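Here the structure comes first, spelled out in structure tokens, and everything after it is commentary.
The values are calculated or read from the model by the stated rules, or taken from the named source; none is laboratory data. These figures come from a predicted structure and were not determined experimentally. As a convention, Cβ positions derive from the backbone with ideal geometry for all residues, glycine included, and neighbour counts pool all protein chains shown. When the accessible area is computed, the model is the full protein with side chains, heavy atoms only, and any ligands, DNA or RNA have been set aside. Shrake-Rupley method; radii C 1.70, N 1.55, O 1.52, S 1.80 Å.
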Amino acid sequence: MKKFSLLLLILNLCIQLIAQTLTSPNGNLVMNFKLSPEKAPVYSLTYKGKEVIKESKMGFLINPSLNFHENFKVVETKTASSNTTWNPVWGQYSEIRDNHNELFVVLQQEKSGWRMNIRFRIFDDGLGFRYEFPVQKNLRHFTIKEELT
């Protein structure tokens, strides 16, 4: 029984180490990213400690027929920050501030070896993310059948 308890403790610590946290510049928004037990990418969002978005799975069903939403491993993560301004060509404001923190996650599907990147950006007033599909062997052209986020 002690060995089983120790194994569960080690497993829990490993899962916590894989989880990534991204905080808005003012600290009010906190996004958590991790892989679920099915190794699916999952994110959640809190505002001032209150849950705004519950744990939500991410991914796609694509053609050629493949479930591109589970059995991933995290290959790499990078963080970055930006606090710049830029001038739009037209619009209500003459100058726009771009103040955000970023988490870039590289995922690789264990069976196919295919990669999918997710880039999260968190601002003081919201969270955005995008999927990036790098050019790779045997996955140059595909059709998204369903988006599962």
Query raised in the report: Of all residues in region 77-117 being among the aliphatic types (A, V, I, L, M) and in contact with a Pro (Cβ under 7 Å, 6 or more places away or on another chain), which is most open to solvent (accessible area, probe 1.4 Å)?
Result: I96
Query raised in the report: Can you pull out the residues in region 118-145 that are surrounded by fewer than 10 Cβ atoms within 10 Å (Cβ to Cβ) and either assigned to a strand (DSSP E or B) or in contact with an Asp or Glu (Cβ under 7 Å, 6 or more places away or on another chain) (or both)?
Result: R130, T143
Query raised in the report: Across region 31-46, what is the number of residues that are free of Cβ contacts under 8 Å to residues at least 60 places away in the same chain, within 19 Å of E102 (Cβ to Cβ) and not polar (S, T, N, Q)?
Result: 2
Query raised in the report: When you scan region 47-73, how many residues do you find that are among the charged types (D, E, K, R) and either in contact (Cβ under 8 Å) with a residue 60 or more places away in the chain or under 16 Å from N117 (Cβ atoms) (or both)?
Result: 2
